[in-house]
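Scroll down for the structure; my scribbles are underneath it.
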Amino acid sequence: MSGFDPGLAAHLETGVTTTCRCWALRRRDGVEMGFTDHDRVLTFEGLLFRPDTGLSALALQQTTGLSVDNTEAMGALSDAAIREADIVAGRYDGAGLRAWLVNWQDVNLRTLLFAGTIGELKRAGGAFEAELRGLTDALNVPLGRVYQKSCSAILGDRDCTFDLETPGYVVARVAEVVTENRVFEFAEIGGFAPDWFRHGVLKVQSGAAEGLQGMIKRDRTQGAGRVIELWHPLRSEVAPGDALRIEAGCDKRLETCRLKFDNLVNFQGFPDIPGDDWTITDPARASRLDGGSRRR
C-alpha cells in the first residue's frame, strides 16, 4: 500500500473496517463543497463533508506512466448542494476535485485516492453523472508558441500587459432589454467608436448569471442606443437590472494594437511572416531582393 497512511493501512488489515469516501470540490469561481457517502457529517481540511447529496463513485482506475486516471461520480441534484441550474450555467466545468478513503471514526486516518478535475457532466431525472479526469489530463493540452500574423495574446493577459482598467476601455451598465440571454440592448452607451466592443467580453456581475461571461460577436448602434450581441447565449438567466461589465475588443491585428491600444511594443504576432503562397512560388526576377520587409 505505497503512499497509504500507515494508520489507515493498519486499520484495513484488521478486516473489520469503518471507512467511507469523501470528496472535496472547488469550482473555478472559488466555491468549495464537501461530500461523503457516510451517513453523518465529517470535518477535516477545513471543510464539512455532507452526506445529504446522495453522492457515490464508481471504482477508481489508476495506472502507472502518463495514462489519465479516471472514474465517475454520481449523485442527486439538491438545492442544498449541486443544483441543476448551476450545472447548466457551466459553474462546475473544470472544477477541481479530490477524493479520500477515510476512517469515519478517526478522520485523521485517511489517504488521498484521487486528484483531478471534472470533465463531461451529464444530468437527467433529478441526478447527475460527472466524469473525473486525473492530473495527467493536463498533459493533453497543446503548449508552445504559434507563429502567425495575428497576435497570439489575449487582451489584458501577461503577454499583452494592457491594463483594461484604463479609462475608455471598459463600461459598466445594468441590463436593460435582454433577448435569449444573447442580445443586450441599451438606450445609450456614448463616447465609443462603432464596433469598439466587438471581439470583447461581456461579464455579468450580479443576478442569477453572476460570474458568467460571453464573447461579443457584434457591437452596433441602433438610433441613439446600442446593441451588444454575443456569439453564444449565456447559460443562465440575465434579468433587467443585473450589473454588467463590457470590455473593449481586440481583433488581433497589428494596426488595432498600435492605433486602438497604443501597445505595439507588446504585439505577439508576426506580421511579416511569409504566407504559404509565397514559400511555394517559383524563382523569379525581382527588383528588390534585399531580405527586407515584404509588407506594403
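Every read-out reported here was derived from the displayed coordinates using simple, explicitly stated rules and does not represent laboratory data. What you see is a predicted model, and the numbers here were worked out from it, not measured in a lab. Using ideal geometry, Cβ is built from the backbone for each residue, glycine included, and neighbour counts are taken over all protein chains shown.
Remarks
- Taking all pairs of distinct alpha-carbon atoms in the stretch 170-250, Kirkwood radius in angstrom: 12.2
- In sequence order, the stretch 243-256 has phi-based couplings of 6, 10, 10, 10, 9, 4, x, 10, 8, 6, 8, 4, 4, 5 Hz under the Karplus curve 6.51 cos²θ - 1.76 cosθ + 1.60, θ = phi - 60°, and Gly or Pro positions carry x.
- In order along the stretch 214-224, phi translates into HN-Hα couplings of x, 7, 8, 8, 9, 9, 9, 8, 9, x, 8 Hz, rounded to whole numbers, per the Karplus curve 6.51 cos²θ - 1.76 cosθ + 1.60 with θ = phi - 60° and x for Gly and Pro.
- Basic side chains Lys and Arg get +1 at the Cβ, acidic Asp and Glu get -1 at the Cβ, and with that the dipole of the stretch 170-250 about its Cα centre reaches some 220 debye.
- Close amide H pairs (under 5 Å, H built 1.01 Å from N) link Ser152 with Gln268, Gly269, residues at least 5 positions away or on another chain.
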